[in-house]
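Student: Before anything else, here's the structure in question.
Only the coordinates and a few stated rules stand behind these numbers; no lab work does. Values in this document were obtained by computation on a predicted structure and should not be read as measured data. Using ideal geometry, Cβ is built from the backbone for each residue, glycine included, and neighbour counts are taken over all protein chains shown.
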Amino acid sequence: MTKFGWFASLEEFSPEECLEQVDIAEAAEFDSVWVNDHFHPWFDHMPDGSSANGGNCWSWMPAALERTDDIEIGTGVSAIIRRYHPANVAHQLATLEEMYPDRVFLGLGLGEALNESPFGNPLPDPGERMKRTAEAVRIIRKLFQEEFVTYEGSFWDVEDANLYTGPDESPPIHIASNNPGASRMAGDLGDGFVTVFQPPDYVQDTLFPSVETGVRKSEHNESLDDVEKSIHIHVSLADTEERALEPCLPWRGTLLPVFFQEDIADPRFIQEHGDRVGEEQLKETYVVTTDPQDVFDVTETYVEAGFDHIVYQSHSPDQQRFADYVRDEVMPSFG
């Protein structure tokens with residue numbers, strides 16, 4: 001059965017607007033809400049000149065969980081590189097899971113300078129970020145499963161650390177990847193694998209086989225079926241193409257690989273260079289449409305590619321209309 005997720009963007013919308021979207025998502029029977037975990041947003045301002053937002057997801061998630069009943073809520077995604085210690089993340093997860101059982105998950109990625117450089121932390125190279133992420137997952141799992149944990153790692157240590165509150169198993173951990181290396185880590189250490197922007201052929205020919213390679217060395221997973229596979233899709237549905245396109249324009253910096261690789265964290269600089277990306281390139285990557293059938297078609301494409309969980313980041317001017325369409329026309333076909 002296909003799961004459906006809603007992405008609440010604390011960069012594009014205020015914390016209150018994101019809470020209102022959570023109400024919409026639960027009423028429309030979405031299974032999950034994913035929320036970004038960035039210190040700086042990906043852009044500085046919206047097309048109308050209003051400021052970008054920069055809400056803190058760890059402050060926001062308890063409010064979202066408290067006002068809903070069943071929907072699962074988690075990070076999409078966090079990066080445990082330097083600004084977080086894995087034990088702090090485990091502590092927060094354990095408390096949330098105690099208060100809202102079986103409704104919390106952790107999405108992890110390799111991070112960007114947006115999350116590190118503002119704290120005076122230079123962004124490590126991708127290899128080190130991968131090692132840090134793997135070590136963080138191991139520490140988090142040990143803290144949930146064992147008592148008074150001592151761990152001497154390459155990047156973090158814990159000494160007789162004990163989570164007095166929380167369950168004996170960590171909430172699900174989804175590892176994000178657009179490359180083979182981190183995909184192998186998802187298969188080895190994760191409960192889920194999540195990716196963004198990737199063509200179905202690349203997913204099937206490269207990323208899924210890499211996840212399966214990780215599964216073969218895993219002590220956590222026995223088969224590829226044990227790993228939930230999620231795809232994050234940017235969508236904007238409106239009555240005119242202009243209205244659909246406008247809220248997507250600030251995100252063009254995310255189409256430039258340099259900002260995922262280099263130590264660049266100023267949203268003003270990222271947006272200045274993102275604004276040079278052509279609108280056609282954006283429309284080739286995002287679903288920018290006046291036709292709801294396009295939402296159905298992209299969903300079908302990724303379900304057929306093998307994804308279990310479709311997560312929409314909707315930039316649509318009318319979020320209620322988008323959610324109603326997914327509930328009424330999309331979910332029944334893939335439930």
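Student: Express in nm, to one decimal, how much length is gained between Glu16 and Glu66 on full extension, taking 0.36 nm for each residue of separation and deducting their alpha carbon distance.
Tutor: Numbers: separation 50, 0.36 × 50 = 18.00 nm, distance 1.37 nm.
Here the answer is 16.6 nm.
Student: Using unit Cβ charges (K, R positive; D, E negative) and no other charged atoms, how large, in debye to the nearest 20, is the dipole of the stretch 141-211 about its Cα centre? Working shown, then result.
Tutor: Values: 3 positive and 12 negative charges, 72 e Å.
Magnitude of the dipole: close to 340 debye.
Student: With the dipole of the chain worked out from charges on the C-beta (+1 for Lys and Arg, -1 for Asp and Glu) around the Cα centre, which of Val311, Val194, Thr206 lies farthest toward the positive end?
Tutor: Highest projection toward the positive end goes to Thr206.
Student: Multiplying the sequence separation of Asp324 and Glu169 by 0.36 nm and subtracting their Cα-Cα distance, what value in nm do you get? Walk me through the intermediate numbers first.
Tutor: Working: separation 155, 0.36 × 155 = 55.80 nm, distance 3.52 nm.
Full extension of this stretch gives 52.3 nm more.
Student: Would you please give the FRET efficiency between Thr150 and Asn88, computed as 1/(1 + (r/R0)^6) with r the Cβ-Cβ distance and R0 = 25 Å, to the nearest 0.05?
Tutor: Values: r = 17 Å, r/R0 = 0.68.
Between Thr150 and Asn88 the formula returns 0.90.
Student: Please report how many Lys pairs in the chain have alpha carbons closer than 21 angstrom, counting only residues at least 8 apart along the chain or sitting on separate chains. Show your work: numbers first, answer last.
Tutor: Working: Lys3/Lys229; Lys131/Lys142; Lys131/Lys217; Lys142/Lys217; Lys217/Lys229.
For the chain, the number of qualifying lysine pairs is 5.
Student: Specify which labelled value, from (1) 64, 39, 32; (2) 97, 43, 40; (3) 59, 43, 41, agrees with Cα extents along the principal axes in Å derived from the coordinates of the model shown.
Tutor: Step by step, Cα extents along the principal axes in Å for this structure corresponds to label (3).
Student: What ranking do 2-10, 120-128 get when scored by the average of other Cβ atoms within 10 Å per residue, highest first?
Tutor: On the way: 2-10: 22.9, 120-128: 13.4.
Ranked by mean Cβ neighbours within 10 Å, highest first: 2-10, 120-128.
Student: In degrees, nearest 10, range 0 to 90: what is the angle between the Cα axis of helix 57-66 and the longest Cα principal axis of the chain?
Tutor: Once rounded, the angle reads 80 degrees.
Student: Evaluate the distance, in nm, between pseudo-label points positioned 7 Å from the Cα of Arg138 and of Asn56 along their respective Cα→Cβ axes.
Tutor: The answer from the label model is 3.0 nm.
Student: Still on this structure, please answer the following. Out of Thr2, Ser230, Phe43, whose Cα points farthest toward the positive end of the dipole of the chain (charges: +1 Lys, Arg; -1 Asp, Glu; placed on Cβ)?
Tutor: Phe43
Student: Expressed as a rounded percentage, what relative contact order does the chain have, with Cα pairs under 8 Å and six or more residues apart? Before the final figure, lay out each step's value.
Tutor: Values: 678 pairs, mean separation 66.7, N = 335.
The normalised contact order for the chain reaches 20 percent.
Student: Still on this structure, I have one more. Show me, for the stretch 136-152, the HN-Hα J-couplings you get by feeding each phi into the Karplus relation (A = 6.51, B = -1.76, C = 1.60, θ = phi - 60°), rounded to Hz, glycine and proline as x.
Tutor: Ordered by residue, 3J(HN,Hα) equals 4, 4, 4, 5, 4, 4, 4, 5, 6, 8, 10, 10, 6, 7, 10, 9, 10 Hz.
Student: A follow-up question, please. Toward the positive end of the charge dipole of the chain, about the Cα centre and with charges on Cβ (Lys, Arg +1; Asp, Glu -1), which of Ser170, Val330, Val298 goes farthest?
Tutor: Working it through, the farthest residue towards the positive pole turns out to be Ser170.
Student: Let me ask something else about it. So what's the angle, to the nearest 10 degrees on a 0 to 90 scale, between helix 293-305 and the longest Cα principal axis of the chain?
Tutor: 30 degrees
Student: Where does helix 180-189 land angle-wise versus the long Cα axis of the chain, in degrees 0 to 90, nearest 10?
Tutor: 50 degrees
Student: Give the separation of the Cα centroids, the stretch 204-226 to the stretch 85-159, in Å.
Tutor: When both Cα centres are located, 22 Å separates them.
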